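I'd like to ask you about the structure that follows.
Every read-out reported here was derived from the displayed coordinates using simple, explicitly stated rules and does not represent laboratory data. Everything numeric here is computed off the predicted structure, so don't read it as measured data. With ideal geometry, Cβ positions are generated from the backbone for all residues, glycine too; neighbour counts draw on all protein chains shown.
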Amino acid sequence: MNMEDYRGVWVFIEEKDGIVAPVSLELLGAGKWLAEKRKTELAGVLIGENVQELAQTVVEYGADKVYVYDDPIYRFYRTESYMKAMLACVEKYKPEILLYGATSTGKDLASAVATDLPTGLTADTTQLDVEEDTGLLLASRPAFGGNIMATILCKKYRPQMATVRPKVMKALSRNNGATGEFIHESIPIKEEDIRTKVLEIVQTTTQRIRIDEADIIVAGGKGLGGPLGFQVIHQLANTLGAVVGASRDVVEAGWIGHHHQVGQTGATVTPKIYFAIGISGAIQHIVGMQNSGLIIAINKDPAAAIFQAAHYGIVGDALTIVPMITEAFKIA
Ligand code: FAD
């Protein structure tokens with residue numbers, strides 16, 4: 001592999017229903033900084049159906065050029081079709097660095113592409129840097145349960161690829177009317193070549209909540225024990241007309257969706273009242289809620305760090321205490 005052939009920083013642009021995913025805009029912001037350090041260009045790779053107009057958005061958020069694969073075959077994200085387009089683009093134009101959002105789509109595509117290229121992939125990064133002279137990407141991520149930050153390098157192969165967590169990079173402000181280059185690409189691909197068939201799209205019925213605008217948040221953590229125990233959080237929140245919040249561990253366990261997550265990689269909230277129930281008080285959680293007006297913590301461990309941030313604390317079993325509070329508010 002001739003490393004000199006590989007130039008430029010690329011971002012996979014994730015798009016749904018004609019809207020660019022926020023993480024892709026964040027990565028354009030980070031990618032611009034990396035590209036400037038390397039004195040090279042920033043490009044977006046946009047794959048979808050009827051995405052021409054979005055290419056302009058990509059330029060307005062910092063890209064110098066956009067590789068566009070626009071075809072009805074890309075109407076829905078499917079690993080095989082997107083992977084084939086991305087592989088063709090990489091083989092033809094040879095980027096030095098290729099970034100994807102660590103979303104379900106980005107993680108799936110990046111790992112599929114990595115299996116077909118003679119290079120590696122750093123998953124779930126939270127910090128990026130680049131060595132100006134060598135172009136070596138310094139991709140850092142928490143390791144060993146978040147106790148250390150590991151910086152992972154891909155010294156001998158190109159492109160250097162990483163998935164990056166949403167909400168850790170900053171998008172640039174939109175530069176309306178910015179100009180860039182659009183390169184329209186296509187590959188010979190037919191519906192019969194793709195084994196995955198989309199039979200039906202079922203829309204989720206859950207309403208998207210704006211947790212950062214809530215006056216009262218009832219947030220639950222791993223201490224609730226499971227999705228069943230977490231119901232006490234919903235019941236108290238319903239009674240108070242509050243929004244449900246959660247720690248990242250709860251979101252990762254799949255008890256509730258990501259838009260309920262509070263903290264460093266979730267929402268930053270400042271409600272009038274914040275209940276932290278069965279939440280240990282890790283710094284990554286505290287930074288997202290510490291400016292709440294009144295913080296009430298419930299935890300069975302009197303030494304839990306959450307009590308340091310709380311105005312009021314109750315030491316005890318949340319599964320007993322929370323239903324009692326809910327009943328008390330119902331009577332009141
Ligand atoms: P645990 O730490 O397991 O705590 C559970 C708590 O419940 C304990 O204090 C326990 O005493 C208590 N408990 C147990 N049983 C009961 C009971 N019956 N009644 C009452 N209390 C009980 N975390 C976030 O929340 N938000 C983020 O945005 C976030 N971003 C992160 C970013 C990075 C880079 C890293 C490395 C980590 C991040 N984390 C984040 C994770 C964070 O470090 C913690 O792992 C997480 O907050 C812990 O979640 P928890 O408090 O629900 O679980």
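Pick from G44, G316, G288: which residue has the top mean-square fluctuation in a GNM of the chain where Cα pairs under 10 Å get a spring?
Top of the fluctuation ranking is G316.
What base-10 log of the normalised intensity I(q)/I(0) is obtained for the range 198-286 from the Debye formula, alpha carbons as equal point scatterers, at q = 0.20, 0.22 Å⁻¹?
Ignoring solvent entirely, the Cα scatterers give -0.88, -1.05.
Okay, moving on. As I understand it, the value is the acute angle between the Cα axis of helix 22-37 and the longest principal axis of the Cα atoms of the chain; what does it come to in degrees, rounded to 10?
Rounded to the nearest ten degrees, it is 50.
Follow-up question, since we're still on this one. Calculate the dipole size of the range 51-146 relative to its Cα centre from +1 charges on Lys and Arg beta carbons and -1 charges on Asp and Glu beta carbons; express the result in debye to the nearest 20.
For this selection, approximately 380 debye.
With a 10 Å radius around each residue's Cβ, average the other Cβ atoms per peptide and rank 230-240, 23-33, highest first.
By packing density, highest mean first, the sequence is 23-33, 230-240.
Could I ask something else about it? For the chain, give me the percentage of DSSP beta bridges that are antiparallel, rounded to the nearest 5 percent.
Beta bridges within the chain, antiparallel portion: roughly 20 percent.
Stokes-Einstein diffusion coefficient for the range 71-195 at 10 °C in a medium of 1.306 mPa s, Rh from the Kirkwood formula over Cα pairs: what value in µm²/s?
Estimated via Stokes-Einstein, D reaches 97 µm²/s.
Using only the alpha-carbon atoms, how far is helix 79-93 inclined from the longest principal axis of the chain? Give it as 0 to 90 degrees, nearest 10.
50
Please tell me the relative contact order of the range 19-163 in percent, rounded to the nearest whole number, where contacts are Cα pairs under 8 Å and at least six residues apart.
Relative contact order for the range 19-163 comes out at 21 percent.
Shifting gears a bit: Around I277, under 14 Å between beta carbons, what's the net of Lys plus Arg minus Asp minus Glu among the other residues?
-1
OK, next. How many Å³ per residue does the convex hull of the Cα positions in the range 1-146 occupy?
112
While we're here: Per DSSP H run of at least 4 residues, take -39500 (n - 2.57); add these up for the chain, divide by its residues and hand me the 222 nm value, nearest 500 deg cm²/dmol.
-9000 deg cm²/dmol
Which entries of K84/K170; K32/K84; K37/K190 have Cα-Cα distances beyond 31 Å here?
Beyond 31 Å between Cα atoms: K37/K190.
Same structure again: Starting from the amide H of V11, placed 1.01 Å from N in the peptide plane, find each other amide H under 5 Å away whose residue is 5 or more places distant or on another chain.
Result for V11 returns A43, G44, V45, L99.
May I ask for the net charge around P142, where only other residues with Cβ less than 12 Å from the Cβ of P142 are counted and Lys, Arg are +1 while Asp, Glu are -1?
It works out to a net charge of +2.
Okay, moving on. Out of every Cα pair in the range 82-121, what percent are spaced more than 11 Å from each other?
Looking at the range 82-121, the distances longer than 11 Å represent 63 percent of pairs.
Let me ask another. In the calculated pair distance distribution of the range 121-180, what percentage of Cα-Cα distances lie above 17 Å?
Cα-Cα pairs of the range 121-180 separated by over 17 Å account for 50 percent.
Further, regarding this structure: Based only on other Cβ atoms within 10 Å, what is the fewest-to-most ordering of M1, M169, M161?
M1, M169, M161
To continue, here is another question. Mind checking which of L28, I47, F12 is farthest towards the positive end of the range 1-54's charge dipole, using Cβ charges of +1 (Lys, Arg) and -1 (Asp, Glu) about the Cα centre?
L28
Continuing with the same structure: Quick one: Karplus J couplings for the range 173-183, per residue in order, coefficients 6.51, -1.76, 1.60, θ = phi - 60°, nearest Hz, x for Gly and Pro?
5, 5, 9, 4, x, 4, 10, x, 9, 10, 10
Compute the relative contact order of the chain as a whole-number percentage, counting only Cα pairs closer than 8 Å that sit 6 or more residues apart in sequence.
Once divided by the residue count of the chain, the mean separation gives 14 percent.
Give me the percent of Cα-Cα pairs in the chain that sit more than 26 Å apart, rounded to a whole number.
Cα-Cα pairs in the chain separated by more than 26 Å: 54 percent.
In whole Å, what are the extents of the range 1-40 along the principal axes defined by its C-alpha atoms, from largest to smallest?
39, 22, 10
Follow-up question, since we're still on this one. Just the number, please: percent antiparallel of the DSSP beta bridges in the range 98-252, rounded to the nearest 5.
The antiparallel proportion sits near 45 percent.
Please give the Cα centre distance for the range 39-87 versus the range 261-332, rounded to the nearest Å.
42
Taking the beta-carbon count within 10 Å as an exposure proxy, list L117, L128 from fewest neighbours to most.
So the ranking, lowest neighbour count to highest, is L117, L128.
Please state the charge dipole magnitude for the chain, taken about the Cα centre, from unit charges on C-beta atoms (+1 on K and R, -1 on D and E), reported in debye and rounded to the nearest 20.
680
Roughly how tilted is helix 227-240, in degrees to the nearest 10 and between 0 and 90, from the longest Cα axis of the chain?
With both axes taken from Cα atoms, the answer is about 70 degrees.
Ratio of alpha-carbon Rg to the 2.2 N^0.38 Å globular estimate for the range 244-320, to two decimals, please.
1.00
For D133, D116, which order do you get if you count the other beta carbons within 10 Å of each Cβ and list the fewest first?
Arranged by neighbour count, lowest to highest, D133, D116 become D133, D116.
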